[in-house]
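Structure, as structure tokens:
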Amino acid sequence: MKAFSLDLEHRRLDIFLIIFLLFISLSCNAEVDKKVCLGTNYKMIKLGTTEEHYNQLKEIYGGCEVVLGNLEITHLQPHHDTSFLKEIQEVRGYVLIVANSVKTIPLVNLRIIRGNNLYKNSALYIFSNIDENNIEQGLEELPMRQLKEILEGGVTIAKNPKLCNLETIKWNDIVHAGNDININQSSLSHCPACVEACTGSCWGPGSENCQILTKLICAQECPGRCRGQMPSDCCHSQCAAGCTGPTETDCLACLKFRDGDTCLESCSSTNSYNIRKNLVEAGTKKYGCGFLCVNKCPYKYVVSDSGSCVPSCDLGTSEIGGNNVYNCKNYEEPCEQGLQAKKDKSCKLCNQIKVTDFYE
């Protein structure tokens, strides 16, 4: 009964967070052409029976392209269809793959793990994917052939006795310096060798599974990633995971902020060079909303000192403004918690905006 109560509480929390984060995503016009999902934070907890757990994962991740939180893939069995994971391109938190006995987990479009959250200091954690009651069943294939960058955190891969090829990957091309890479895998006799075109590094059989390098092969002049070995193949410094060309509009993913098709260091740096007039033109003032640059903050959001959209001001500051445009400023007589100060309409609710406010 206690386990059922815990499961019910988890589900209620999920629904609450999904509604909240989807509101933020839509308010910021986040990745209009991509499907965003929340992710999970259950670690290795099984949600109900094996089938209930599988259906829950399928409901959360089915068709998802950007995972705002963590991608946790656990307790999948040999008969489960894992094709619902194919569309995932980006994970903001960590990727956890543990306690699965399914043969294949097809993360074939995953290109970047940001590592905003880590699991045991790792952004990618692959551990003990075997059926303890039948050692003939376990994870064999994990073709992450598009994975090119992990921004924060390391990699841990261990105790996956049937998993093939991941020990051949040049992880230092993907993981940033200073992060641990712990790989305890060895090729087994049943594992297919990398084809000759892969030059020893592959995610699985066939040339389509060759590892694509975007760092180790770069010319010395490159500021970060590249698409080839020549200096002309360098990616722009604001690109992550590689690029298709040299400019900030050719990035496969943005290192920090995205303004339309352009990757930027910050949303305040929207100035542009007009080649016809031979001068720098001031851009429209924009604000950081999550990972996007927006013209104005969403309804009931405020502008922080750093120029970002936030749900409420920090303690010691108040929301000053009007006409649904508010900035966080030091106030002579700070608002009481959740109340308007005196009768001054320029002082909005302070430090106490609730999720329910979005639906009033």
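The values are calculated or read from the model by the stated rules, or taken from the named source; none is laboratory data. It should be emphasised that the depicted structure is a prediction, and the values quoted were computed from it without experimental measurement. Heads up, the Cβs are rebuilt from the backbone with ideal geometry, glycines too, and the neighbour counts pull from every protein chain shown. To get the accessible areas, we keep the full protein, side chains included, count just its heavy atoms, and leave off ligands, DNA and RNA. Shrake-Rupley method; radii C 1.70, N 1.55, O 1.52, S 1.80 Å.
Against the list (1) more than 21 Å from residue 109 (Cβ to Cβ); (2) out of contact with any Cys (no Cβ under 7 Å at 6 or more places or on another chain), the condition residue 236 fails is (2).
Tell me, yes or no, whether the stretch 187-204 has at least one residue that is in a strand (DSSP E or B) and open to solvent by 20 Å² or more (accessible area, probe 1.4 Å). Scanning the stretch 187-204 turns up no residue that is in a strand (DSSP E or B) and open to solvent by 20 Å² or more (accessible area, probe 1.4 Å). Screening 49, 40, 82, 74 for residues that are of a type in the set (Val, Ile, Thr) and either in contact with a helix residue (DSSP H, G or I) (Cβ under 7 Å, 6 or more places away or on another chain) or over 28 Å from residue 161 (Cβ atoms) (or both) leaves exactly one candidate, 40.
Here is a list: 112, 135, 150. Which entry is without any contact (Cβ under 8 Å) to a residue 60 or more places away in the chain, of a type in the set (Val, Ile, Thr) and open to solvent by less than 10 Å² (accessible area, probe 1.4 Å)?
Details: 112 fails: without any contact (Cβ under 8 Å) to a residue 60 or more places away in the chain; 135 fails: open to solvent by less than 10 Å² (accessible area, probe 1.4 Å).
Of 112, 135, 150, the one residue that is without any contact (Cβ under 8 Å) to a residue 60 or more places away in the chain, of a type in the set (Val, Ile, Thr) and open to solvent by less than 10 Å² (accessible area, probe 1.4 Å) is 150.
This table checks each residue for (1) at pLDDT below 95; (2) surrounded by fewer than 21 Cβ atoms within 10 Å (Cβ to Cβ).
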| residue | (1), (2) |
| --- | --- |
| 7 | yes, yes |
| 18 | yes, yes |
| 55 | no, yes |
| 82 | no, yes |
| 100 | no, no |
| 107 | no, no |
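Residues in the stretch 157-177 that are part of a strand (DSSP E or B) and either surrounded by fewer than 20 Cβ atoms within 10 Å (Cβ to Cβ) or without any contact (Cβ under 8 Å) to a residue 12 or more places away in the chain (or both): 158 only. Which number in (1) part of a loop (DSSP other than H, G, I, E, B); (2) open to solvent by 20 Å² or more (accessible area, probe 1.4 Å); (3) modelled with pLDDT of 90 or more marks the one condition that residue 232 misses? Failed condition: (1).
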